[in-house]
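Heads up: the structure comes next, in structure tokens.
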Amino acid sequence: MANSERIEQAVEQLASLPTIGRKTARRLAFHLLRLPEEHVQRFAETIIAMRREVQECSICCTFTDTTTCPTCANPKRNVLQICVVEQPSDVLAIERTGDYRGVYHVLHGALNPLDGVGVTDIRMRELFARLESNIEEVILAVNPTVEGELTTQYIVKMTQPLTIPITRIARGIPVGADLEFTDEATLSRAFIGRQPV
Ligand SMILES: [Zn+2]
């Protein structure tokens, strides 16, 4: 029997986060207990405010505090060049390379029939709606995984009648890797070496 039900409840919540095991969750709970109460209050309020106020950009679907994200709202960006990624963190990774001047489309996942993730579970409809205007290039920068490959194939198949030039970033990214954790130089090279699909 645990000495504190409250601690056990907090551990359970913390352990529900990705990459946090029960041992780490317990260490975090003890750490929070030793902090001044105002500090913990601020911590909790920040998380709640983030959850409440962050929304998806009405154009590219990335996470943002405003209806349109700063990238989509930037008149210096080429809105006719759309880079398709799986996650908002991938946008940050590509922005860090400093090379790309186009805009993005965030799918919020990849097709994964085995896990029941279909076309309507990710922002695929929103992507196709954007492709109805005259687009110069669609750059596929999804992760080099089975799901990423499936997503690429689906987009290529569905956009064939539109004759939009579609490229995909080069294979410098190791198979199974996450774009988010790829170093800037590799990602930059993969971008420059992108190939028509
Ligand atoms: Zn946007």
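The table below gives the values:
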| item | result |
| --- | --- |
| Cα centre as origin, Lys/Arg/Asp/Glu Cβ charges: the stretch 18-133 dipole, Debye | 420 debye |
| Cα Rg over Rh - the stretch 13-128, Kirkwood | 1.08 |
| Positive-end residue, the chain charge dipole about Cα centroid, Cβ charges, pick of ILE82, GLN160, MET50 | ILE82 |
| Calculated SAXS-style log₁₀ I(q)/I(0) at q = 0.31, 0.34, 0.35 Å⁻¹ - the stretch 126-166, Debye, Cα scatterers | -1.18, -1.27, -1.30 |
| Values of log10 I(q)/I(0), in the order q = 0.16, 0.21, 0.29 Å⁻¹, for the stretch 25-84 under a Debye, Cα-only, solvent-free model | -0.66, -0.82, -1.14 |
| Packing-based exposure ordering (other Cβ within 10 Å, fewest first) of ASP90, ASP183 | ASP183, ASP90 |
| Extension gain (nm, one decimal) between ALA2 and ASN78, 0.36 nm per residue minus Cα-Cα | 21.6 nm |
| Rule-of-thumb Rg ratio for the stretch 107-197 [Cα; 2.2 N^0.38 Å; N residues] | 1.09 |
| Principal axis dimensions, largest first and in whole angstrom, of the chain by Cα | 65, 36, 34 |
| Cβ-based exposure ranking for MET50, MET124, MET158, in which fewest neighbours within 10 Å come first | MET50, MET158, MET124 |
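Laboratory data are not the source of any read-out in this text; all were calculated from the coordinates shown. Treat the numbers as computed from the prediction; the structure is a model and nothing was measured. A quick note on method: Cβ atoms are made from the backbone with ideal geometry, for glycine too, and the neighbour counts reach across all protein chains shown.
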